[in-house]
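The structure appears right after this line, and notes come after that.
The values are calculated or read from the model by the stated rules, or taken from the named source; none is laboratory data. Just so we're clear, the structure is a prediction, and the values are computed from it rather than from any experiment. Because the Cβ atoms are built from the backbone with ideal geometry, glycine has one as well, and the counts that use them run over all protein chains shown. Heads up: the accessible areas ignore ligands, DNA and RNA and are worked out on the full protein's heavy atoms, side chains in. Shrake-Rupley method; radii C 1.70, N 1.55, O 1.52, S 1.80 Å.
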Amino acid sequence: RGAGKHFQAGADIRWLNEVAHYPPAENFAASLATTRAMTLLNEFPKPTIAMIRGYCMGGGLGTALLCDLRICADDSRFGIPAGKLGVGYKYTALKRLSDLVGPANVAEIFYTARQFDAQEAKDMGLVNRVLPVDKLEAFVADYVKTIGGNAPLTLKAVKVCLGEIAKDDHKRDIALCDRVVDDCFASEDYTEGRTAFMEKRKAVFRGR
């Protein structure tokens, strides 16, 4: 979530103007720090949710895209104003967005450089759910509890497999996908899940 009433407004354009005059080494360092932060979020092993209010623009939208789920308030606004700034977007960033909303929606987002409201974002598949502002936090808190009550190894396996699906064909580690799925079937949690179902009670998973 954002620290204030907005999720993230994107890069400070004044700062970008300063960066444009940095020596190459400083530019590289700034880019590397950003890449590392985004990689950590993208590869975080637990389920992640972007709880979005207000503006979710440019790099802010990029941050939200690195999360597994995006749940927003009905006052949210989305957009990537790259076309108004002359900014280029890398293949990996465009692929992540295209995998989520499709090439035609990516084209509209970039070609128009306009802002999209919450319902438009929902219609194109950019967000999972739209909530009234005053219900957003409670809904997400309940969602987290629901997710947290499910088998950790199952969640891990799904996240790993989705991560591999998002990669180009020649980079996918199918053996890794097979291993995390096998871990589920070999786990105590699999026994607990079946037993709890038969006994008509809530399963107590331990992640092993």
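The residue pairs whose first member lies in the range 40-60 and is assigned to a strand (DSSP E or B), whose second member is of a type in the set (D, E, K, R) and modelled with pLDDT of 95 or more, and whose beta carbons are closer than 8 Å, counting only pairs six or more residues apart or on different chains, are 49/68; 49/70; 50/70; 51/137; 52/70; 55/77; 56/77; 57/77.
Taking the condition of being open to solvent by less than 10 Å² (accessible area, probe 1.4 Å) and either free of Cβ contacts under 8 Å to residues at least 24 places away in the same chain or over 17 Å from residue 97 (Cα atoms) (or both), how many residues in the range 73-85 meet it?
We begin by selecting, within the range 73-85, every residue open to solvent by less than 10 Å² (accessible area, probe 1.4 Å); these are 73, 76, 78-80, 82.
Applying the additional criterion that residues be either free of Cβ contacts under 8 Å to residues at least 24 places away in the same chain or over 17 Å from residue 97 (Cα atoms) (or both) yields 73, 76.
So the count comes out to 2.
Within the range 175-204, can you find the residues that are aliphatic (A, V, I, L, M) and either open to solvent by 100 Å² or more (accessible area, probe 1.4 Å) or in contact with a strand residue (DSSP E or B) (Cβ under 8 Å, 6 or more places away or on another chain) (or both)? If the condition is that a residue be aliphatic (A, V, I, L, M) and either open to solvent by 100 Å² or more (accessible area, probe 1.4 Å) or in contact with a strand residue (DSSP E or B) (Cβ under 8 Å, 6 or more places away or on another chain) (or both), then 198 is the only one that fits.
A search for C-beta distances below 9 Å between a residue of the range 170-183 that is farther than 11 Å from residue 153 by Cα and modelled with pLDDT of 95 or more and any residue that is basic (Lys, Arg) and not in a helix (DSSP H, G or I), counting only pairs 6+ apart in sequence or on different chains, returns 173/167. Regarding the range 110-123, can at least one residue be identified that is among the β-branched types (Val, Ile, Thr) and crowded, with 20+ Cβ neighbours inside 10 Å? No, the range 110-123 has no match at all. Scanning the range 59-103 for residues that are small (Gly, Ala, Ser) and either closer than 20 Å to residue 129 by Cα or in contact with a helix residue (DSSP H, G or I) (Cβ under 7 Å, 6 or more places away or on another chain) (or both) gives 60, 62, 64, 73, 76, 79, 82, 83, 93, 98, 102.
Among the candidates 130, 158, 140, 144, which residue alone is farther than 29 Å from residue 192 by Cβ and either out of contact with any His (no Cβ under 6 Å at 6 or more places or on another chain) or in contact (Cβ under 8 Å) with a residue 40 or more places away in the chain (or both)? Full working, then the answer.
Working: 158 fails: farther than 29 Å from residue 192 by Cβ; 140 fails: farther than 29 Å from residue 192 by Cβ; 144 fails: farther than 29 Å from residue 192 by Cβ.
Exactly one residue qualifies, and that residue is 130.
From the list 157, 175, 203, 141, the one residue that fits, being over 30 Å from residue 94 (Cβ atoms), in a helix (DSSP H, G or I) and among the aliphatic types (A, V, I, L, M), is 141. Within the range 57-74, can one find any residue that is in contact with an Asp or Glu (Cβ under 9 Å, 6 or more places away or on another chain) and acidic (Asp, Glu)? Yes - at least one qualifying residue is present in the range 57-74. Return yes or no: is residue 37 open to solvent by 50 Å² or more (accessible area, probe 1.4 Å), of a type in the set (A, V, I, L, M) and part of a helix (DSSP H, G or I)? Yes. Quick check on residue 133: is it surrounded by 14 or more Cβ atoms within 10 Å (Cβ to Cβ) and either at pLDDT below 95 or within 20 Å of the chain's Cα centre (by Cα) (or both)? When the stated conditions are applied, residue 133 does not pass them.
For the range 44-57: of the residues being open to solvent by less than 10 Å² (accessible area, probe 1.4 Å) and under 16 Å from the mean Cα position of the chain (by Cα), which is nearest to residue 167 (Cα to Cα)?
50
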